[in-house]
Amino acid sequence: MPKISKKGISMPESPIRKLAPFAEKAYKQGKTVFHLNIGQPDIKTPKVAMDAVKIHSLEILAYTRSEGSEGYRQKIAGYYAKNDIHVKHDDIIVTTGGSEALLFAFGTIMDVDDEVIIPEPFYANYNGFSTASGVKVVPVISKIEDNFALPPIEEFEKLITPKTKAILICNPGNPTGYLYSREEIKKLAAIVKKHDLFLIADEVYREFAYDGAKHYSILQEEGLEDYAIVIDSVSKRYSMCGARIGCLVSKNKAVIKTALKFAQARLSPPTLAQIASEAALDTPQSYFDDVIEEYVGRRNVLIQELNKIEGIQVANPKGAFYCIAQLPVKNSDTFAQWLLESFDVDGETIMVAPAAGFYSTPGVGLNQIRIAYVLNKESLVKAVNILKEALKIYKD
């Protein structure tokens with residue numbers, strides 16, 4: 001029979017979704033499964049966004065411009081201005097989710113076998129995007145002992161080769177919840193300018209910064225205009241994961257001109273989803289104030305309860321809604337599957353994301369899991385108790 005491509009064979013499975021069949025079996029057995037594995041917020045989508053789709057007056061669901069409708073891009077630029085990020089609508093290409101924005105960025109600035117340096121652990125799909133683009137991920141390891149802070153710049157310098165084209169960060173971080181400081185961004189800015197590299201920042205969790213800290217965008221850094229590419233999305237900000245609307249933002253005109261060719265090749269982003277996303281920009285600040293307060297409370301409960309379990313080490317997230325926990329197990333993949341197949345407390349169990357899939361260095365993160373605190377506080381307490389009871393009897 002015809003053969004599958006080497007690229008297809010090497011595409012990694014999602015550590016977030018690959019255990020879904022085992023969760024489905026658990027449901028069929030009558031179990032309740034607390035989903036700590038996926039960043040799907042349980043926060044309601046802003047009403048203004050949902051209403052915009054309900055009351056639209058379109059008679060033909062037509063294509064929009066490949067770069068997204070001009071009105072929407074102008075409103076996005078206005079949103080950025082409110083966050084002290086000053087770009088024009090022509091600096092923005094609307095994409096089908098942040099995922100497509102990153103694929104466009106990779107295609108725009110890198111050729112096959114080029115390299116991108118990424119602090120790990122990182123969003124698992126970066127491995128998939130790089131494989132799909134024929135690009136090599138070069139990891140620089142951040143450590144749970146340091147709360148996953150930016151590794152020393154010297155570690156980045158050691159990894160730069162003639163094939164290196166970019167450094168990619170997620171800020172705040174998925175899966176770590178780490179929020180990069182202004183000083184860390186300035187260090188990265190200095191190194192990309194020194195070595196003539198691009199700095200790509202996935203900033204989809206911009207609003208989710210805690211404990212009085214403020215997000216500092218790479219687009220706010222002076223002198224970085226030709227080097228900075230931002231990946232953004234409405235998915236988490238407005239709890240609109242299903243809209244599949246994101247954007248690529250850069251003041252580098254060559255980047256935008258080239259990325260637009262990729263956008264033209266796929267025709268246009270979805271029309272109704274753009275209508276909803278444009279309306280979402282009118283969401284009042286009170287919505288975000290309430291959401292942040294809720295997530296801070298969830299984080300505090302989660303970290304407090306995890307710290308009660310002997311043998312667990314957990315990083316304290318300063319943003320997003322994830323944390324990495326290190327468990328007293330040898331292989332969290334096996335443990336996560338066992339939780340779904342063979343364990344419950346009064347008919348309830350948990351689904352977690354094994355963290356090895358958030359690394360590209362083989363053998364790293366095998367005893368770690370990512371937890372998404374997208375459940376209410378009561379459910380989080382129950383879920384952590386299930387984890388505690390499971391660890392008491394689990395044998396590697």
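The values are calculated or read from the model by the stated rules, or taken from the named source; none is laboratory data. These numbers were taken from a predicted model, which means no experiment stands behind them. Neighbour counts are summed over all protein chains in view; Cβ atoms, including those assigned to glycine, are modelled from backbone coordinates with ideal geometry. Heavy atoms of the whole protein, side chains included, go into the accessibility calculation; ligands, DNA and RNA do not. Shrake-Rupley method; radii C 1.70, N 1.55, O 1.52, S 1.80 Å.
Considering each residue of segment 189-196 in turn, none proves to be in contact (Cβ under 8 Å) with a residue 60 or more places away in the chain and open to solvent by less than 60 Å² (accessible area, probe 1.4 Å). Give the number of residues within segment 122-144 that are in contact (Cβ under 8 Å) with a residue 60 or more places away in the chain, within 23 Å of residue 322 (Cα to Cα), part of a loop (DSSP other than H, G, I, E, B) and open to solvent by 20 Å² or more (accessible area, probe 1.4 Å). The total comes to 1.
Residue 263 falls short of the stated requirement of being over 21 Å from residue 166 (Cβ atoms), in contact (Cβ under 8 Å) with a residue 12 or more places away in the chain and open to solvent by less than 50 Å² (accessible area, probe 1.4 Å). Has segment 308-318 got at least one residue that is part of a strand (DSSP E or B), open to solvent by 10 Å² or more (accessible area, probe 1.4 Å) and farther than 30 Å from residue 61 by Cα? The answer is yes; a qualifying residue exists.
On the basis of being over 23 Å from residue 189 (Cβ atoms), in contact with a Lys or Arg (Cβ under 8 Å, 6 or more places away or on another chain) and assigned to a strand (DSSP E or B), does residue 116 make the cut? Criteria not met by residue 116.
Listed residues 38, 16; which is in contact (Cβ under 8 Å) with a residue 60 or more places away in the chain, open to solvent by 40 Å² or more (accessible area, probe 1.4 Å) and touching a strand residue (DSSP E or B) at 6+ places or on another chain (Cβ under 9 Å)? Going through 38, 16 in turn, the sole match is 38. Return yes when residue 230 is touching a residue at least 12 places away in the same chain (Cβ under 8 Å), buried (at least 20 other Cβ atoms within 10 Å of the Cβ), among the aliphatic types (A, V, I, L, M) and over 30 Å from residue 289 (Cβ atoms) and no when it is not. No: the conditions fail for residue 230.
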